[in-house]
Each structure stands twice: as structure tokens, then as C-alpha cells.
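Peer 1: Dropping the structure in here first, questions after.
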Amino acid sequence: MNTLEAINRRASYRGSFTDKKVSDETLKTIVQAGIQAPSGCNAQTTGFVIVNEPEKIKKIATICQKDFVAGAQAIIVCVVDHTPAFQDMSFAAEDCAAAVENMLLAITDAGLATVWLDGVLRRDNIARQIGNLLNIPADRDVFIILPVGEPSETPVQREKCSFEQRASFNQWEKQK
Ligand SMILES: Cc1cc2nc3c(=O)[nH]c(=O)nc-3n(C[C@H](O)[C@H](O)[C@H](O)COP(=O)(O)O)c2cc1C
């Protein structure tokens, strides 16, 4: 699959997953795509914990109150370090987002599916609860998690605005 094909096929998937195992090698390829992402000052502030023990997957699904997550073959937990990379500036959120987008594309390329789970971690101390389960130090934050598996149904990307609604050449034109 070429890059633009992966970009166009990528879609958030919240359905059921098949029982097909996802190999450690495939998971490493996906996370390596995240590691290759750009980061502010090349500070590489995102760390990754690959969870593929079924019991831990179920515990994370319970903590974040998302039943479909329990059916994933793995969960990639993205952990950020907010230490400033330059003067008083931290680019940790942007670094993590760049890594996650690379991984979404690698997951699509592997014929697997996922969804970027982020907002859901921000309530009820859920991010910290996952952090405690995985022994993540108090000065690092669980920021985004990606449940990964083979989808039972074909993921469908949500509709996007037209080019004209979102972009223009040389000057701002009325957008959405
Ligand atoms: C910053 C960010 C946070 C997100 N948080 C969640 C989330 O907590 N739960 C969820 O189900 N989807 C989450 N998503 C996925 C979006 O809902 C999804 O990308 C959007 O609806 C567009 O659909 P598409 O990914 O199929 O294009 C998040 C996406 C982004 C970029």
C-alpha cells in the first residue's frame, strides 16, 4: 500500500476484532513507525508500551469503560514526557500526535484497525489508572491509546469537508 492509499483508507474503528493474533513483529513494525515520527528538537518525548497480555488488555478496557477495547489483540499505550525541549517549550502533545498518525498509517498498511483514544482518558483519572497498571512513573502521562486488531468489518472513514471548505491558495478564503 502506498502512503496516500493508507491515508485515504485509514478510519477510526470501534467495532469488534477477530481472534487473529497480531505478531510481536507486526507490533514492533507499527511502533517503529511511531518512533520514526518527527518531534520538536528531535526530543523524542513519546514512549510506547505495547500491551498484548489478554488480562491486561481486559483491565485497560474496564478502566476506560470501552467494551470493544477488550476484543483488541494489543493496545499501544503512548506515554509523554512534558519536560521542555527548548527553553520553556514542551512539544510533547504534538510529538505524540505525529507518532500516533504514523502508527495509524502503519496499522492500516498491515490490514489492521484501530481508533485514536484520547478524550476518553481525560476523565475520572483514567490515564493515571492505566499508568499505574503499567508501572508508568508519575512524571509521565498516558496520553493516547490505540487498541489494535484485525477488524471484523471494514472500517469506514468519516466524511471530510471538501478541499474548498478547508483550504485555499495564497490567502484565506471563506472556509467552513
Ligand atoms: C485528538 C483526537 C482525540 C480523539 N479522541 C477520541 C476518543 O477519545 N474516543 C474516540 O472514540 N475517538 C477519538 N478520536 C477519533 C475521532 O473521533 C475520529 O478521528 C474522527 O471522528 C474522524 O473519523 P475518522 O478517524 O474515521 O476520520 C480522536 C481523534 C483525535 C485526533
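Peer 1: Given 25 °C and 0.890 mPa s, how large is the Stokes-Einstein diffusion coefficient of the stretch 1-80 in µm²/s, with Rh as the Kirkwood radius over Cα pairs?
Peer 2: Details: Rh = 14.4 Å.
Answer, rounded: 170 µm²/s.
Peer 1: From the Cα trace of the chain, what convex hull volume per residue do you get, rounded to a whole Å³? Could the numbers behind the result be given before it?
Peer 2: Numbers: hull volume 26.5 nm³, N = 176.
Value for the chain: 151 Å³ per residue.
Peer 1: In straight Cα distance, which aspartates and glutamates are under 12 Å from K21, not counting same-chain residues fewer than 8 positions off?
Peer 2: E53, E150
Peer 1: Normalised by the number of residues in the chain, what is the relative contact order in percent for Cα pairs under 8 Å and 6+ residues apart? Working shown, then result.
Peer 2: Details: 288 pairs, mean separation 57.5, N = 176.
Reported relative contact order: 33 percent.
Peer 1: Further question on the same structure: Along the charge dipole of the chain, pointing to its positive end and built from +1/-1 on Cβ of Lys, Arg, Asp and Glu, which listed residue (F86, T108, P137) has its Cα farthest out?
Peer 2: T108
Peer 1: Residues with amide H under 5 Å of V115's amide H, sequence separation 5 or more or different chain, H placed in the peptide plane at 1.01 Å from N; which?
Peer 2: Close amide H contacts, sequence-distant or interchain: Y13.
Peer 1: Please turn the phi angles of the stretch 9-23 into ³J(HN,Hα) values with the Karplus equation 6.51 cos²θ - 1.76 cosθ + 1.60 (θ = phi - 60°), one per residue in order, whole Hz, x for glycine and proline.
Peer 2: Values per residue, Gly and Pro as x: 7, 4, 8, 5, 10, 10, x, 7, 10, 6, 7, 4, 5, 10, 5 Hz.
Peer 1: Run the count for the stretch 33-176, please: Lys pairs, Cα-Cα under 23 angstrom, 8 or more apart or on different chains.
Peer 2: Details: K56/K66; K58/K66; K160/K174; K160/K176.
Pairs that pass both the separation and distance tests number 4.
Peer 1: Is any helix in the chain, taking whole DSSP H runs, at least 24 angstrom long along its axis by alpha carbon and on average at least 0.0 on the Kyte-Doolittle scale, and which ones? Display every interim value, and only then the final one.
Peer 2: Values: long enough: 92-109 (26 Å, 0.74).
Qualifying helices, which must be both long enough and hydrophobic enough, are 92-109.
Each reported figure results from applying straightforward, stated rules to the coordinates on display, with no laboratory input. Remember, predicted model here, so these are calculated numbers, not experimental data. Backbone-built Cβ (ideal geometry, glycine too); neighbour counts: all protein chains shown.
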